[in-house]
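Below is one structure, written out as structure tokens; the observations come after it.
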Amino acid sequence: MAWNGVGNGEFSFDNKRRTGLPKIQTQKTEDENVVCHDDSATPVKAQTLDELHSLQKKKSAPTTPIKSPHVFGVAVSEEERQKQQLQSISASLASLTRETGPKVVKGDPARQAETPKVQQPLHHHHTPALNISDSGLKFTHILYNLSPAELYEQAIKYEKGSFITSSGALATLSGAKTGRSPRDKRVVRDETTEDDLWWGKGSPNIEMDEQTFLINRERAVDYLCSLEKVFVNDQFLNWDPNNRIKVRIVSARAYHSLFMHNMCIRPTPEELEDFGTPDFTIYNAGQFPCNRYTHYMTSSTSIDINLARREMVILGTQYAGEMKKGLFGVMHYLMPKRQILSLHSGCNMGKEGDVALFFGLSGTGKTTLSTDHNRYLIGDDEHCWSDHGVSNIEGGCYAKCIDLAREKEPDIWNAIKFGTVLENVVFEDHTREVDYTDKSVTENTRAAYPIEYIPNAKIPCVGPHPKNVILLACDAFGVLPPVSKLNLAQTMYHFISGYTALVAGTEDGIKEPTATFSACFGAAFIMLHPTKYAAMLAEKMQKHGATGWLVNTGWSGGSYGSGSRIKLAYTRKIIDAIHSGALLKAEYKKTEVFGLEIPTALEGVPSEILDPVNTWPDKKAHKDTLLKLGGLFRKNFEVFTNYKIGSDGNLTEEILAAGPNF
Ligand SMILES: Nc1ncnc2c1ncn2[C@@H]1O[C@H](COP(=O)(O)OP(=O)(O)O)[C@@H](O)[C@H]1O
Ligand SMILES: C=C(OP(=O)(O)O)C(=O)O
Ligand SMILES: [Ca+2]
Ligand SMILES: [Mn+2]
């Protein structure tokens, strides 16, 4: 191909075939001696590219002037404060056999220029040179409380499977595990926990001894310290300032750090300055397995809680929900010790200050129904109920997003933007548009976002005593009514039972729903015997005059396979009528077997669906299914019949009588 360049700057590939296309002008002037200047911009204030890049970022100023923190009356310099912080992190990462923390330094190792020079390696004990192993010679870089933008960069650069979706969320994969592993949870049984905790049949607390915990802790710490860099989050749990817990999360992935940034309460820069020693520490070495030769291990996954040491170790699972629910378990131990009830529930508040709690197992609607455009969101999953009212434990929400639709759940849809972690979703390769119907990776696709991403979030996330306590069950048998009003004994019966029945999965051949009973609608997280929480709930509901409700967000018109799931729009109408007080005034009738009080009419919902028997074409099948479920409830409750609930002997009797009768 010939260069047809000519003196006037015209440029084409072939002069002869030049037809309709305009000539491309590369010089505006005819005078070749005039230097072409780039229009009006002033020149950059840099002599070199490095200098130019150094101009790009500035150190952000704290939101309030840094007060000089005094330690024993002595002012602490910023340098000293940074050193103390690093010392605290090094102490967290200390091997318990060597009793020394790793050498730690702040900043991304890939950006050496930004990493402060280390004058003195941080050791809190002097180690004789003879004892030093290779690991003692290396530095571990600490990426401390990074911002979402920084964590995005880390994830995209270093973690395979990290992408920015079209709405700005960070799509990520949680690896082989896409849900929690309750069978791999272990709790240290020692003097601290022996008498307090619920052990044995039905308990989620599978025991391990202190020594085994230390072995797993060492394994996790060694793994983390072997890395070039680890992420450290220092954050809070519980919006009740008097019962706030300081948590530190040490993890190997930006995904985990961003997840916890979103899910825990984010400290202000000032609060961070005074953070000090954490009350509880998570060591998340999820990419590294546990050693199956270790006593008590039954798989390569282990989630270990040591309440005396106030530590949790995660090995062999990267599912981020494990961290949030692990901390929830810790709160289920710490809070009742302070006479505060911890609850696996969502919570919202009306304009008049009326608070509702939404209990329910995974997938029953806590997040969906507490996120209500007409009400203030206090939280979607974990709360405390103290003498002062309710408080959210967390700073974020964790929504299921399978089949998420903008029209049905606009607030959750709009929260999936920059900063949100989107786990295990499938997206279109080019547009990065998420297909929320795609279950290729898992059905348990999730979005974790800070609570303020919901426009009507109530900040601070606290509220007065609840007026309504709504128990959600997704009944795939299709026999529980869409809504029932419960008396206190019934509320306790259903709270202790903790029933739901989801369809087992999407695999072929699974037609039968399986009933799940999970005490207190969260047996996987409770630490004490269920009757302890039940007694506290009964006392609080009685004292504050709260009404209990049972809402079936599951099947209607038949079981899974023949019936269909109750429309979300109808469930919302039901919930609206509970909030407004309209349902309290409705006319009621009693159902057979379960003895539930059901309304005969309700605005916005077809009356015939209020009594499930009307919706089943086959009445015998309905009766058989009802009796079958009643039998399952009865069998499940057998283990609780020997327990007293609270100090009121009558209540225990009433609760036992509040179950199905046939
Ligand atoms: N009638 C209904 N009520 C509540 N949720 C429903 C209903 N029908 C379908 N769903 C879907 O069920 C799921 C409930 O999940 P979620 O609210 O995240 O549960 P939880 O927070 O209790 O784990 C959501 O995906 C929601 O869209
Ligand atoms: C994160 C979880 O909570 P939920 O499904 O109740 O939202 C979970 O159970 O793993
Ligand atoms: Ca931060
Ligand atoms: Mn939820």
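The values are calculated or read from the model by the stated rules, or taken from the named source; none is laboratory data. Predicted, not measured: the structure shown is a model, and the values here were computed from it. Counting neighbours? That spans all protein chains shown, and the Cβs are built from the backbone with ideal geometry, glycine included. We work out accessible area using only protein heavy atoms, side chains counted, and drop any ligands, DNA or RNA first. Shrake-Rupley method; radii C 1.70, N 1.55, O 1.52, S 1.80 Å.
Scan the range 436-484 residue by residue and report those that are within 16 Å of ligand 2 (Cβ to nearest atom), closer than 24 Å to residue 388 by Cβ and in a loop (DSSP other than H, G, I, E, B).
If the condition is that a residue be within 16 Å of ligand 2 (Cβ to nearest atom), closer than 24 Å to residue 388 by Cβ and in a loop (DSSP other than H, G, I, E, B), then 454 is the only one that fits.
Residue under question is residue 596, and the condition is that it be touching a Lys or Arg at 6+ places or on another chain (Cβ under 9 Å) and either more than 29 Å from residue 355 (Cα to Cα) or modelled with pLDDT of 95 or more (or both); does it hold? Even if it seems obvious, please write down each step before you answer.
On the way: touching a Lys or Arg at 6+ places or on another chain (Cβ under 9 Å): yes; either more than 29 Å from residue 355 (Cα to Cα) or modelled with pLDDT of 95 or more (or both): yes.
Judged against the criteria, residue 596 is a match.
Please count how many residues of the range 587-627 are closer than 11 Å to residue 662 by Cβ and open to solvent by 30 Å² or more (accessible area, probe 1.4 Å).
Keep residues of the range 587-627 that are closer than 11 Å to residue 662 by Cβ, which gives 592-595, 623, 626-627.
Retained after the next criterion (residues that are open to solvent by 30 Å² or more (accessible area, probe 1.4 Å)): 592, 623, 627.
Count: 3.
Hey, among the residues in the range 266-302 that are among the hydrophobic types (A, V, I, L, M, F, W, C) and farther than 30 Å from residue 461 by Cβ, which one's nearest to the chain's Cα centre (by Cα)?
Filtering first and then ranking leaves 285.
Filter the range 179-193 for residues that are open to solvent by 70 Å² or more (accessible area, probe 1.4 Å), within 16 Å of ligand 2 (Cβ to nearest atom) and assigned to a loop (DSSP other than H, G, I, E, B) and give the result.
Of all residues in the range 179-193, those open to solvent by 70 Å² or more (accessible area, probe 1.4 Å) come to 180, 182-183, 189, 191.
With the extra rule that they be within 16 Å of ligand 2 (Cβ to nearest atom), the set shrinks to 180, 182-183.
Selection gives 180 alone.
Can you tell me which of (1) farther than 13 Å from residue 492 by Cα; (2) open to solvent by 20 Å² or more (accessible area, probe 1.4 Å); (3) among the aliphatic types (A, V, I, L, M) is the one residue 657 doesn't meet?
Result: residue 657 fails condition (1) only.
Here is a list: 268, 277, 294, 281. Which entry is surrounded by fewer than 24 Cβ atoms within 10 Å (Cβ to Cβ), within 16 Å of ligand 3 (Cβ to nearest atom) and over 30 Å from residue 574 (Cβ atoms)?
Going through 268, 277, 294, 281 in turn, the sole match is 268.
So that you can scan it fast, the table gives a plain yes or no per residue for (1) open to solvent by 10 Å² or more (accessible area, probe 1.4 Å); (2) in contact (Cβ under 8 Å) with a residue 24 or more places away in the chain; (3) closer than 14 Å to residue 497 by Cβ:
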position	(1), (2), (3)
517	yes, yes, yes
521	no, yes, yes
530	no, yes, yes
533	no, yes, yes
539	yes, yes, no
542	yes, yes, no
549	no, yes, no
555	yes, yes, no
559	yes, yes, no
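If residue 249 passes every condition in (1) part of a loop (DSSP other than H, G, I, E, B); (2) crowded, with 23+ Cβ neighbours inside 10 Å; (3) of a type in the set (A, V, I, L, M) but one, which one does it miss?
Unmet condition: (1).
Could you check residue 625 against (1) under 19 Å from residue 553 (Cβ atoms); (2) in contact with a strand residue (DSSP E or B) (Cβ under 6 Å, 6 or more places away or on another chain); (3) of a type in the set (Ser, Thr, Tyr) and say which number it fails?
It is condition (2) that residue 625 fails.
Output the residues belonging to the range 442-473 that are under 24 Å from residue 428 (Cα atoms) and modelled with pLDDT of 95 or more. Before the answer, list the steps.
Taking the range 442-473 first, the residues under 24 Å from residue 428 (Cα atoms) are 442-449.
Those that are under 24 Å from residue 428 (Cα atoms) and modelled with pLDDT of 95 or more: 445, 446, 447, 448, 449.
Can you give me the number of residues within the range 166-185 that are within 22 Å of residue 326 (Cβ to Cβ) and among the hydroxyl-bearing types (Ser, Thr, Tyr)?
Count: 4.
For the range 162-178, give me each residue that is assigned to a loop (DSSP other than H, G, I, E, B), among the small types (Gly, Ala, Ser) and open to solvent by less than 20 Å² (accessible area, probe 1.4 Å). Let's see the steps before the verdict.
Here is the first cut: in the range 162-178, the residues assigned to a loop (DSSP other than H, G, I, E, B) are 162, 165-169, 173-178.
Still in the list and also among the small types (Gly, Ala, Ser): 162, 166-169, 174-176.
Across the range 162-178, the qualifying residues are 162, 168, 169, 174.
Which of (1) more than 13 Å from ligand 2 (Cβ to nearest atom); (2) out of contact with any helix residue (DSSP H, G or I) (no Cβ under 6 Å at 6 or more places or on another chain); (3) not hydroxyl-bearing (Ser, Thr, Tyr) is the odd one out, the single condition residue 365 does not satisfy?
Just one mismatch for residue 365, condition (1).
Would you confirm whether or not the range 376-394 contains a residue that is of a type in the set (D, E, K, R) and within 16 Å of ligand 3 (Cβ to nearest atom)? Before you say what the answer is, go through the steps one by one.
Pass one, the range 376-394, residues of a type in the set (D, E, K, R): 380-382, 387, 394.
Subset that is within 16 Å of ligand 3 (Cβ to nearest atom): 394.
Within the range 376-394, one or more residues are of a type in the set (D, E, K, R) and within 16 Å of ligand 3 (Cβ to nearest atom).
Within the range 330-344, is even one residue surrounded by 24 or more Cβ atoms within 10 Å (Cβ to Cβ), in contact (Cβ under 8 Å) with a residue 24 or more places away in the chain and within 13 Å of ligand 2 (Cβ to nearest atom)?
Looking through the range 330-344, at least one residue is surrounded by 24 or more Cβ atoms within 10 Å (Cβ to Cβ), in contact (Cβ under 8 Å) with a residue 24 or more places away in the chain and within 13 Å of ligand 2 (Cβ to nearest atom).
Would a scan of the range 572-592 turn up a residue that is within 12 Å of residue 359 (Cβ to Cβ) and of a type outside the set (A, V, I, L, M)?
no
Out of (1) buried (at least 24 other Cβ atoms within 10 Å of the Cβ); (2) away from ligand 1 (no atom under 16 Å from the Cβ), what's the single condition that is false for residue 388?
(1)
Among the residues of the range 360-375 satisfying the criterion of being part of a loop (DSSP other than H, G, I, E, B) and closer than 14 Å to residue 411 by Cα, which is nearest to ligand 3 (Cβ to nearest atom)?
Of everything passing the filter in the range 360-375, 371 is nearest to ligand 3 (Cβ to nearest atom).
Do you know which of the residues in the range 306-323 that are open to solvent by less than 10 Å² (accessible area, probe 1.4 Å) and closer than 15 Å to residue 237 by Cβ is nearest to ligand 4 (Cβ to nearest atom)?
Looking at the filtered set, the residue picked out is 323.
For residue 372, indicate whether it is surrounded by fewer than 24 Cβ atoms within 10 Å (Cβ to Cβ), under 27 Å from residue 501 (Cα atoms) and without any contact (Cβ under 8 Å) to a residue 40 or more places away in the chain.
Answer is no for this residue.
With respect to residue 403, determine if the residue is within 16 Å of ligand 4 (Cβ to nearest atom), surrounded by fewer than 18 Cβ atoms within 10 Å (Cβ to Cβ) and outside any helix (DSSP H, G or I).
Yes; evaluated as a whole, the condition is true for this residue.
Please go through (1) modelled with pLDDT under 95; (2) under 18 Å from the mean Cα position of the chain (by Cα); (3) not aromatic (Phe, Trp, Tyr) for residue 263 and return the number of the only condition it doesn't satisfy.
Exception for residue 263: condition (1).
Could you grab me the full set of residues in the range 424-435 that are within 16 Å of ligand 1 (Cβ to nearest atom) and either in contact with a Gly (Cβ under 6 Å, 6 or more places away or on another chain) or not in a strand (DSSP E or B) (or both)?
424, 425
Tell me which of these residue 152 doesn't satisfy, since it passes every other one: (1) on the phi > 0 side of the Ramachandran plot; (2) within 16 Å of ligand 3 (Cβ to nearest atom).
If we test residue 152 against (1) on the phi > 0 side of the Ramachandran plot; (2) within 16 Å of ligand 3 (Cβ to nearest atom), just (1) comes out false.
Would you be able to tell me the number of residues in the range 350-359 that are away from ligand 2 (no atom under 12 Å from the Cβ), in contact with a strand residue (DSSP E or B) (Cβ under 9 Å, 6 or more places away or on another chain) and either in a loop (DSSP other than H, G, I, E, B) or not aliphatic (A, V, I, L, M) (or both)?
So the answer is 4.
Can you say whether residue 216 is closer than 24 Å to residue 519 by Cα, away from ligand 3 (no atom under 16 Å from the Cβ) and surrounded by 19 or more Cβ atoms within 10 Å (Cβ to Cβ), as far as the supplied structure shows?
Against the criterion (closer than 24 Å to residue 519 by Cα, away from ligand 3 (no atom under 16 Å from the Cβ) and surrounded by 19 or more Cβ atoms within 10 Å (Cβ to Cβ)), residue 216 does not qualify.
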